[in-house]
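Please treat every number below as a calculation from the coordinates, not as lab data. Predicted model only: the values in this text are computed from it and were never measured. As a convention, Cβ positions derive from the backbone with ideal geometry for all residues, glycine included, and neighbour counts pool all protein chains shown.
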Amino acid sequence: MTALLSIKDLVVRFRTPRGLLEAVRGVNLDIPAGASVGIVGESGSGKTVMSRAAMGLLSGSNVERSGSVMFDGQELSSLDSVQVREYFGTGMAMIFQDPMTALNPVRRIGTQISEGLRVRLGMSKKDAMKRSAELLAKVRIPDPEAVLRKFPYQLSGGMRQRVMIATAIACNPKLLFADEPTTALDVTVQAQILNLLADLRKDLGMSMVLVTHDLGVVANNTDFVAVMYAGEIVEMAPTTELFANMKMPYTEALLKSIPKIDAPTEKRLPVIEGRLPNPTDRPEGCGFASRCSYAQDKCRQDRPELEDAGNGHLYRCWYPLGSTIARKSS
Amino acid sequence: MTGYAHLRNSPDAVLTVKDLRVEFKVPGGVVKAVSDVSFDVLKGETLSIVGESGCGKTTLGKAVLQLPSPDGGSVTFEGTDLTTLKREDLRKARTAIQMIFQDPISSLDPRMTVRDLIGEPLWVWNKGDNEEREAKVRELLNNVGLEPDQVLERHSYEFSGGQCQRLSIARSLALEPRMLICDEPVSALDVSIQAQILNLLQDMKERYGLTMLFISHDLAVVKAVSSRIMVMYLGKVCEIGSPDAIYSKPAHHYTAALIDSVPLPDPTKRRDGVALQGEPPSPMNPPSGCRFRTRCPAASEKCSAEEPQLREVTPGQFVACHHPRV
């Protein structure tokens, strides 16, 4: 498979009053055409910054970005913000976590969906409105004609997220970034939106990057998964391989901490103690060492590199789970 | 009316709610947020109230505290009907029932230091002198897992969501309440932090002998904390029972759909059930009979004609459905 989006050695730093904050530290990631890729990590792991940097959405005098982002054969990182905008809508599109604030509250739904169609595809106002109604039907909104005339506040959270999706897919993008698309929604609506995204991806032959903090969300909706921690990819594998054969203690801890429907009642849940390391002052060695129940001296001193276990399973750990290397649990 | 079959009339009941009704007048009609809901909570129990956005679970939690006063029904807390209390008596009664909100960051005043945030309830109620209050604040912070010397002078915006929720919990416990109402306390948090806060709430429940109402939209989250679960839909009770019964053999079709919506963290397993389609109807004009019938796979004519009453299907499990699954 050829990569539709290829990220090489991506580093993003923010200059802050507290010092240089390294949000993304050398990420390499290929998104093959037609694939669905999950990016999983806690708040502050750099997953959102990475996807925004990949789309060229980070700008400002306090941002330092290096590395290469190739999209469909074109190097994006050398383009300025006006040039990169040519790719939005038709090449890449993004849906955001909070459907309440992502839509303009004072413009009607129809105007917001048709904006991309008119600007990018040069449609007439009438054609764009007609196409917008079709898009709303495609994201399974009942009575699309009426919804076109509504304002965002008249819609529920789930409906707004559907409108966001309709806006994002309006110009048939090749790649859709979905940044925590269901985190603000009820579980029942979450299931509906995830099904909808899977169906649209098949229909439109779109690639998708699904960014989330919940391993449960990626398990059934992605082809492969990258787990991020403290600005780095710490494990990456095809989804079934990852869940069958976890190598990183962090991934395992993340999975264990999910409240499960088949867990015993009134029992303590397993937790990941501690917090992410301070991003302005990264520790030497493995970033997860201070929270890892298997950590040894080597983990605290030397930073592990990404290793390939064969079969495309990458991990960043001195003492991976299931390995024969002797390790003592502390 | 969905009946009282599930009320236990126990002398240990801390909170008994009967026929609670909350309605909001809006342009164009009346939103029936909570319609004739009854339930009881025994001492030391955690009752979880589960349902989608708009089912009235938050309104119900607030109505227990008379925020605002309900439009009908009674809320009996430790033998006193809160709906009959006058302003000052109600203010006193409320110190025994505290609430934790969904968004931990916006529910704390960003201009107050942690010392003031946690100590404010003590100061308002004139508990102890400055030294005693300081000692109490430190004790509370220790109990919720924050180091007093590091946090006392800081402001809420310097903390992460999980830490802010710890502060909210400390603040809610300052007056040593006997009941805690938690409104979606973990839904704004990462999964890795959710477990920490759920464990903390369990610890605090034991340490302070609390009785809890736990409001959530996610059946997987409440599993770990509940002694009893009540499922609500569009302002009505669908099903109430022990967690074991609810999870292993849900009797209401809505409960089954909620369970089916929880994503499984395992790519080899897929849900065979069909996820719930559509959205709840408007609470301004709820369907006749059973309110779930418009989205229910088993709906019949009887469901639109007659409102189902709560009845016991297995010991301790009550369901309001004409065609229960068990």
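Annotations
- At 1.567 mPa s and 4 °C, Stokes diffusion of chain A via Kirkwood alpha-carbon radius, µm² per second: 61 µm²/s
- Magnitude of the charge dipole, the protein assembly as shown, Cβ model with Lys/Arg +1 and Asp/Glu -1, debye to 20: 1160 debye
- Ordering B:Ala170, A:Ser78, B:Cys182 by the projection of their Cα atoms onto the charge dipole of the protein assembly as shown, which places +1 on the Cβ of Lys and Arg and -1 on the Cβ of Asp and Glu, puts A:Ser78 at the extreme positive end.
- Label-to-label distance, nm, for residues given as A:Glu86 and A:Thr111 (7 Å Cα→Cβ offset): 3.0 nm
- Taking the charge dipole of chain B about its Cα centre, with +1 at Lys and Arg Cβ atoms and -1 at Asp and Glu Cβ atoms, the residue from B:Phe318, B:Val50, B:Gly289 reaching farthest to the positive side is B:Gly289.
- Qualifying trypsin sites (Lys or Arg not before Pro) in the stretch A:10-55, DSSP loop, other Cβ atoms within 10 Å at most 12: A:Arg18
- Charges were assigned to the Cβ only: +1 to each Lys and Arg, -1 to each Asp and Glu. The resulting dipole of chain B about its Cα centre is roughly 720 debye.
- Look at the dipole of the stretch B:123-247 built from charges on Cβ: of B:His217, B:Pro243, B:Gly145, the Cα furthest out on the positive end belongs to B:Pro243.
- Likely footprinting exposure, B:Phe292, A:Phe224, fewest C-beta neighbours within 10 Å first: A:Phe224, B:Phe292
- For the stretch A:107-170, the ratio of Cα radius of gyration to the globular rule of thumb 2.2 N^0.38 Å stands at 0.98.
- Shape class of the stretch A:145-186 from the alpha-carbon gyration tensor: oblate, with a/c at 1.5 or above and b/c at least as large as a/b.
- Three-way shape call for the stretch B:252-326 based on the alpha-carbon gyration tensor, with the a/c threshold at 1.5: oblate
- Treating each Cα of the stretch A:164-301 as one equal point scatterer and applying the Debye formula with no solvent, the log10 of I(q)/I(0) at q = 0.14, 0.21 Å⁻¹ comes out as -0.80, -1.34.
- With the convex hull of its Cα atoms as the shape, the stretch B:209-284 has an orientation-averaged projected area of 6.5 nm².
- Other-chain or far-sequence residues with amide H under 5 Å of A:Leu276's (modelled H): none
- Placed amide H near A:Ile95: partners under 5 Å, 5+ positions off or other chain: A:Phe177, A:Ala178, A:Asp179
- For the listed residue pairs B:Lys43/B:Lys86; B:Lys62/B:Lys136; B:Lys57/B:Lys269; A:Lys125/A:Lys150, the alpha carbons are over 23 angstrom apart in B:Lys43/B:Lys86; B:Lys62/B:Lys136; B:Lys57/B:Lys269.
- Cα point-scatterer Debye curve for the stretch A:209-260, base-10 log of I(q)/I(0) at q = 0.23 Å⁻¹: -0.88
- Shape metrics for the stretch B:51-210, restricted to C-alpha atoms - Rg then Dmax, Å: 16.1, 48
- Estimated [θ] at 222 nm from DSSP helical runs (n ≥ 4, -39500 (n - 2.57)) normalised by residues in chain B, nearest 500: -9000 deg cm²/dmol
- Cα gyration tensor, the protein assembly as shown - rounded (a/c under 1.5), prolate or oblate: oblate
- Assigned charges on the beta-carbon of Lys, Arg, Asp, Glu; chain A dipole about Cα centre (debye): 880 debye
- Qualifying GluC sites (Glu not before Pro) in the stretch B:120-173, DSSP loop, other Cβ atoms within 10 Å at most 13: B:Glu153
- Distances between placed amide hydrogens fall under 5 Å for A:Ser77 paired with A:Val69, all partners being 5 or more residues away or on another chain.
- P(r) weight above 33 Å for the stretch B:13-319, C-alpha pairs, percent: 28 percent
- Checking every one of the GluC sites (Glu not before Pro) in the stretch A:54-114 against DSSP loop status and a limit of 15 other Cβ atoms within 10 Å picks out A:Glu86.
- Its alpha carbons considered, the stretch A:25-140 gives a radius of gyration followed by a Dmax of 16.5, 47 Å.
- Only helices reaching 15 angstrom along their own axis (Cα) with mean Kyte-Doolittle hydropathy no lower than 0.5 count here, and for the DSSP H runs of chain B these are B:114-124.
- Rounded tilt (10° steps) of A:109-121 against the dominant C-alpha axis of chain A: 90 degrees
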